[in-house]
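The values are calculated or read from the model by the stated rules, or taken from the named source; none is laboratory data. Model, not experiment: these values are computed from the prediction. Note that we place each Cβ from the backbone using ideal geometry, even for glycine, and neighbour counts take in every protein chain shown. Each accessible area value is taken on the protein alone, full model and side chains, heavy atoms only, with ligands, DNA and RNA left out. Shrake-Rupley method; radii C 1.70, N 1.55, O 1.52, S 1.80 Å.
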Amino acid sequence: MFKVIASRMIVPNVHILTLEAPEVAQEAKPGQFIIVRASEEGERIPLSLSDWDADLGTVTVIFLNIGHTTNQLSLLEAGRSIPTVTGPLGNATKIENYGTVICMGGCYGIGSIFPIARALKEKGNKVITIIEGRSSYLFYWEDRFARISDKMVHITRDGSKGYRGHIDRLPEIIRDLDITVDRMIINGCTYAMKRGSEASKPLGITTWVSLNPIMIDGTGMCGVCRVSVGGTTRFACVHGPDFDGHEVNWDELLQRRKTYVPEEVVPMRTSACQRKCHQA
Ligand code: FES
């Protein structure tokens, strides 16, 4: 069993969970993920690592409460335990001195892009952090990013902070900052990664994304996480999770991610007693 060290909602509907998993913490690298189960009968879901502490033996993940399992995870309190934490899984993000790198994160991807941005900065890159969301109240860890970023940019759908709109504003942002970008790395929801890749393609910026398809084993055996990249079938868990965003078949990925929406979302919305029962 893996003990919950800390758990809280960091911004509306987004949760941060720190788990005791010394062996995972010892080996963790930026860009990797873990697979967790919230209960013995529960499904296995992948969550990107947002941080870890090898000395304390802990790993931290940030996730959106969007379905049955993430709802179960969101209800965990410090001191409780979960049966499965497997990892670290996937290939680490390639950290080199590229020059100027845009690290973009949205929603739970703000958390998972953080260790990547930190490692890139330590490697000597100029790090431009872009965080995006529906509104400014959905941003978190801005103080952490400020310490490791050469420049921080905000994009909000409602214009409450920074640029109004989507990552489509990328050409304007680059022009305003007066920079040449050598690489872009995007973490977050599939739609944000798709849109970011579409924005960077005409600018000729090499763009890597961290794909998050449905997974079961996370070790290349079940095939559930298959994605099409450059016309070739790849398994996100063992060949990724990082892929060239300009080569990903986004429509297929978006479609496959919807496979279990009824099983995931419907029970969550019809089980209003879950939270009350848990709190009772
Ligand atoms: Fe089973 Fe990737 S999760 S092959």
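Could you go through region 11-24 in sequence order and give the Karplus-derived ³J(HN,Hα) for each residue, using 6.51 cos²θ - 1.76 cosθ + 1.60 with θ = phi - 60°, rounded to whole Hz, and x for Gly and Pro?
These are the phi-based 3J(HN,Hα) values: 9, x, 6, 10, 10, 10, 9, 10, 10, 7, 8, x, 5, 5 Hz.
Tell me, what is the per residue accessible area of the chain in Å², probe radius 1.4 Å? Working shown, then result.
Details: 12820 Å² over 280 residues.
Heavy-atom SASA per residue in the chain reads 46 Å².
Under unit Cβ charges (Lys, Arg +1; Asp, Glu -1), what dipole magnitude, rounded to 20 debye, does region 189-254 have relative to its Cα centre? Don't skip to the answer; put the middle values down first.
Values: 5 positive and 7 negative charges, 14 e Å.
It works out to roughly 60 debye.
Sequence gap at least 6, Cα distance under 8 Å: using those rules, report the relative contact order of region 1-149 to the nearest whole percent.
Details: 327 pairs, mean separation 38.6, N = 149.
About 26 percent, as a whole number.
Take each of the peptides 135-142, 216-223, average the number of other beta-carbon atoms within 10 Å over its residues, and list them starting from the highest.
Numbers: 135-142: 17.2, 216-223: 14.8.
Ranking the peptides 135-142, 216-223 by packing returns 135-142, 216-223.
Normalising by the residue count of the chain, find the relative contact order in percent from Cα pairs under 8 Å and 6+ residues apart.
On the way: 624 pairs, mean separation 46.2, N = 280.
In percent, rounded to a whole number, it is 16.
Among His239, Gly220, Ile130, which residue has its Cα furthest toward the positive end of the charge dipole of the chain, with +1 on Lys/Arg Cβ and -1 on Asp/Glu Cβ?
Ile130
Within the chain, which DSSP H helices have Cα atoms that stretch 18 Å or more along the helix axis and a mean Kyte-Doolittle hydropathy of at least 1.0? Working shown, then result.
Numbers: long enough: 109-122 (20 Å, 0.61).
Helices meeting the span and hydropathy rule in the chain: none at all.
Dipole magnitude of region 5-80 about its Cα centre, charges +1 at Lys/Arg Cβ and -1 at Asp/Glu Cβ only, in debye to the nearest 20?
Working: 5 positive and 10 negative charges, 53 e Å.
Taking the Cα centre of region 5-80 as origin, the dipole is about 260 debye.
Within the set Lys126/Lys194; Lys94/Lys123; Lys29/Lys258; Lys123/Lys151, which residue pairs have Cα atoms separated by over 22 Å? Before the final figure, lay out the partial values.
Numbers: Lys126/Lys194 24 Å; Lys94/Lys123 11 Å; Lys29/Lys258 29 Å; Lys123/Lys151 16 Å.
Exceeds cut-off: Lys126/Lys194; Lys29/Lys258.
Keeping the other protein chains in place, figure out the carbon and sulfur percent of the accessible area of the chain, with a 1.4 Å probe. Spell out each step's value before the answer.
Details: 6280 of 12820 Å².
Its accessible area is 49 percent carbon and sulfur atoms.
Given the options Ile66, Ile113, Ile16, which has the most mean-square fluctuation in a GNM of the chain, springs set between C-alpha atoms less than 10 angstrom apart?
Ile66
In debye, nearest 20, what is the charge dipole magnitude of the chain about its Cα centre with +1 on Lys and Arg Cβ and -1 on Asp and Glu Cβ, if you could check?
On the way: 32 positive and 31 negative charges, 109 e Å.
That gives a dipole near 520 debye.
Give the shape of region 110-260 as rounded, prolate or oblate, defined through the alpha-carbon gyration tensor: a ≥ b ≥ c are the square roots of its eigenvalues, a/c under 1.5 means rounded, and otherwise the shape is prolate if a/b is larger than b/c and oblate if not.
On the way: a/c = 1.69, a/b = 1.63, b/c = 1.04.
The shape class here is prolate.
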